[in-house]
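Input: a single structure, listed below in structure tokens.
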Amino acid sequence: MSDNQILELYQNRDESAIGETASRYGAYCTTIAMNILQNTQDTEECVNDTYLRAWNSIPPERPKTLAAYLGRITRNVALDRFKARKTAKRGGEIALLLDELEGCIPSASNVESEVDASILEKTIDRFLSALDKTDRVYFVRRYWYNDSIAEISRRFNAGQSKVKTNLFRTRNKLKQYLQKEGIEI
């Protein structure tokens, strides 16, 4: 079933929309959640929460790209779940990812007080679109899909040190770009 057909099911409040979404995008959403949560039970709950949020938001929303819409919901639900279960002990891949980006992305309180989140998002989108394809793909695989360095290295047949160096340089470029755009870090 096509995305438009699935969206029509949502628009018509047809409950089969959830089954069709699960059939078409279940593995995609599961991969995103598992990369963040590293726990099968939490991942399953997260994916189910994604379907519920999609059901509750379509309509009135009608996403242009269903995959991206579901991916974003899944990622946000998984990050919320990760933060909720995180204790004083920091650990795991997500904590590492957040630490890596900490020096170049403003804190949430800073963003809320000084920059509207949508402006930050658009600025990062412009930054990413200006990168060459390899830099952009490495960055998105690492910080959107939460792929490990080893996974990126394996996927693109590149050495791990090359991937690490590339990501380090891209983070520094992002930091400089945001500063140039007037976004305080």
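Where does the charge balance sit around Ala68 when Lys and Arg score +1, Asp and Glu -1, over other residues with C-beta under 14 Å from its C-beta? Spell out each step's value before the answer.
Details: positive: Arg24, Arg62, Lys64, Arg72, Arg75; negative: Asp3, Glu61, Glu121, Asp125.
With Lys, Arg at +1 and Asp, Glu at -1, the net is +1.
Can you figure out the FRET efficiency of Arg126 with Glu61, using R₀ = 25 Å and their beta-carbon distance, to the nearest 0.05?
Values: r = 24 Å, r/R0 = 0.96.
Step by step, r from the Cβ atoms, then E = 0.55.
Let me check I've understood the local charge: for Cys46, count other residues with C-beta under 10 angstrom from its C-beta, Lys and Arg +1, Asp and Glu -1. What total comes out? Present the calculation step by step, with values, prior to reporting the outcome.
Details: positive: Arg75, Arg81; negative: Asp42, Glu44, Glu45, Asp49, Asp80.
Local charge sum for Cys46: -3.
Here is the link list: Lys83/Lys175; Lys133/Lys164; Lys83/Lys173; Lys122/Lys180; Lys64/Lys175. Which ones come out longer than 26 Å on Cα distance?
Details: Lys83/Lys175 24 Å; Lys133/Lys164 16 Å; Lys83/Lys173 28 Å; Lys122/Lys180 14 Å; Lys64/Lys175 30 Å.
From the list (Lys83/Lys175; Lys133/Lys164; Lys83/Lys173; Lys122/Lys180; Lys64/Lys175), the Cα-Cα distance tops 26 Å for Lys83/Lys173; Lys64/Lys175.
Where a number appears in this text, it was derived from the coordinates with a stated rule and is not lab data. A quick note: this is a predicted structure, and the numbers were derived from the prediction, not measured. All Cβ positions, even for glycine, are placed from backbone atoms using ideal geometry, and neighbour counts span all protein chains on display.
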